[in-house]
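S.K.: Can you read through this structure? Questions will come right after.
The values are calculated or read from the model by the stated rules, or taken from the named source; none is laboratory data. All figures in this text were calculated on a predicted structure; none of them were measured in a lab. Ideal geometry is used to build each Cβ from the backbone, glycine not excepted, and the neighbour counts take in all protein chains shown. Heavy atoms of the whole protein, side chains included, go into the accessibility calculation; ligands, DNA and RNA do not. Shrake-Rupley method; radii C 1.70, N 1.55, O 1.52, S 1.80 Å.
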Amino acid sequence: MPIFPASPTTIDDAARVIRDGGLVAFPTETVYGLGGDATNSEAVAAIFEAKGRPSFNPLIVHVPDLAAAQQFGTFSKDACRLAGAFWPGPLTLVVERRAGCPIADLASAGLDTLALRVPDHPVAKGLLRAAGCPIAAPSANRSGHVSPTTARHVDDDLGDRVAMILDGGATEHGLESTVVDASGRELVLLRPGAITAEQIAATLGHAIKRAEAIAEAPLSPGQLASHYAPRARLRLDASEAREGEALLAFGPAAPSRGFVINLSPAGNLQEAAAVLFAALRAFDAAGSEAVAVMPIPETGLGVAINDRLRRAAAPRP
Ligand code: TXA
Ligand code: MG
């Protein structure tokens, strides 16, 4: 079990593993990431291998600050404004790659754009500083599984495939970062996440386009219908569980008969987001085959929660 409580010493050890081309799982404020040196294509390939991804989806490259990000990508005025408002934090910006950018092509799946993020977590920051290189890191789960919000989740999925898992406790947001494509003339929200469309619109002074219209040729594989899939079948918008179903509940009026996990008895969306993936895992761990899901309000963080739930409920190939 390669779990190490995060400390200056273990962070230094992990940084050495990364510089030597190895993989380390580490906490961010969103979910745990599976990190490798983004400039080392073998390390990046090892990330895809460890995740068992069926294809090379582009990865998010983590950097310590905007200045570092600008060494690798070209930032428009709007991109700078969003970085200024939300970095460090749970926002990923897709920008044009600079000529001569040393980041491995595989990290961005051969695209001429790059997804960059400055995480806001002391362990992630310490690791970036100590490693001295940009760190490519998708969520630290096997492909098709839900994203990990604790070191234990990472261990369950990838424990035999990473050199070290830095344990920084449960993650704060529990949802992946919001992904905004800032590489074209018009900004596009590719993946809803911890920063809401409303927060982005307030910063920009205008609404931001949603990417749903391009579902047939997703730019962001996070948009693929069944990306977030627990083993259990989910039935959305349920008022109660039917015979043989467990219940994923939300709010104070939830029924309490049978196997019920309430995302937030108080009806708080932030609390619900933080425990969502752990709840989906808990149904799998309990062997639940079918789960009824109560409606979640489609506002604020509820948009991202419902997005993940719809993916989890989508028919599997
Ligand atoms: O919160 C997070 O973002 C976590 C933590 C570890 O930082 N990372 C994460 O990475 O969720 P991953 O690889 O699971 O998701 C990356 C998302 C995918 O939807 C991917 O398609 C999109 O970012 N993406 C990456 N590069 C892109 C690009 N050049 N153009 C469009 N989408 C891109
Ligand atoms: Mg992921």
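S.K.: Determine whether Thr113 is within 16 Å of ligand 2 (Cβ to nearest atom) and hydroxyl-bearing (Ser, Thr, Tyr).
M.R.: So Thr113 does not fit the description; no.
S.K.: Within the set of pairs 6+ apart or on separate chains, which have a first residue in region 167-191 that is over 19 Å from Ala79 (Cβ atoms) and among the small types (Gly, Ala, Ser), a second that is more than 9 Å from ligand 1 (Cβ to nearest atom) and part of a loop (DSSP other than H, G, I, E, B), and C-beta atoms under 6 Å apart?
M.R.: Gly168/Ala6; Ala170/Thr149; Ala170/Thr150; Gly174/Thr149
S.K.: While we're looking at this one, here's another question. Which of the residues spanning region 121-160 are out of contact with any strand residue (DSSP E or B) (no Cβ under 9 Å at 6 or more places or on another chain), under 22 Å from Pro58 (Cβ atoms) and away from ligand 2 (no atom under 16 Å from the Cβ)?
M.R.: Listed by number, the list is empty, since nothing qualifies.
S.K.: Kindly establish whether Ala140 is in the same structural domain as Leu106 (by TED's automatic domain parsing) and away from ligand 1 (no atom under 14 Å from the Cβ).
M.R.: Considered against the rule, which asks whether it is in the same structural domain as Leu106 (by TED's automatic domain parsing) and away from ligand 1 (no atom under 14 Å from the Cβ), Ala140 comes out as no.
S.K.: Can you spot a residue in region 31-48 that is within 29 Å of Ala79 (Cα to Cα), open to solvent by 20 Å² or more (accessible area, probe 1.4 Å) and either within 16 Å of ligand 2 (Cβ to nearest atom) or among the hydrophobic types (A, V, I, L, M, F, W, C) (or both)?
M.R.: Yes - at least one qualifying residue is present in region 31-48.
S.K.: Kindly list, by first and then second residue, each pair from a residue in region 131-151 that is basic (Lys, Arg) to a residue that is within 9 Å of ligand 2 (Cβ to nearest atom) and not in a loop (DSSP other than H, G, I, E, B), limited to pairs with Cβ atoms under 8 Å and residues at least 6 apart or on different chains.
M.R.: Here the result reads Arg142/Lys51, each pair linking region 131-151 to a residue that is within 9 Å of ligand 2 (Cβ to nearest atom) and not in a loop (DSSP other than H, G, I, E, B).
S.K.: Where in region 1-53 are the strands (runs of 3 or more DSSP E), entirely inside, with at least 3 residues that are hydrophobic (A, V, I, L, M, F, W, C)?
M.R.: 24-27
S.K.: Run down Ile60, Ile3 and say which single residue is away from ligand 1 (no atom under 15 Å from the Cβ), touching a Lys or Arg at 6+ places or on another chain (Cβ under 9 Å) and under 23 Å from Ala170 (Cβ atoms).
M.R.: Exactly one of Ile60, Ile3 is away from ligand 1 (no atom under 15 Å from the Cβ), touching a Lys or Arg at 6+ places or on another chain (Cβ under 9 Å) and under 23 Å from Ala170 (Cβ atoms), namely Ile3.
S.K.: Of the conditions (1) more than 16 Å from ligand 2 (Cβ to nearest atom); (2) open to solvent by 60 Å² or more (accessible area, probe 1.4 Å), Gly169 clears all except one; give me its number.
M.R.: (2)
S.K.: Just name the residue that is nearest to Lys125 (Cα to Cα) out of those in region 1-30 that are open to solvent by 40 Å² or more (accessible area, probe 1.4 Å) and of a type in the set (Asp, Glu).
M.R.: The selected residue is Asp12.
S.K.: Additional query: Report, by residue number, each residue of region 245-271 that is out of contact with any helix residue (DSSP H, G or I) (no Cβ under 6 Å at 6 or more places or on another chain), open to solvent by less than 10 Å² (accessible area, probe 1.4 Å) and under 24 Å from Glu198 (Cα atoms).
M.R.: Gly251
S.K.: Are there any pairs with C-beta distances below 6 angstrom linking a residue in region 105-120 that is charged (D, E, K, R) to a residue that is more than 6 Å from ligand 1 (Cβ to nearest atom) and not in a strand (DSSP E or B), with the two at least 6 apart or on different chains, and if so which?
M.R.: Filtered contacts from region 105-120: Asp120/Glu29; Asp120/Pro88; Asp120/Gly89.
S.K.: Just the residues that are crowded, with 17+ Cβ neighbours inside 10 Å and touching a strand residue (DSSP E or B) at 6+ places or on another chain (Cβ under 8 Å), please, taken from region 283-297.
M.R.: Phe283, Ser288, Val291, Ala292, Val293, Met294
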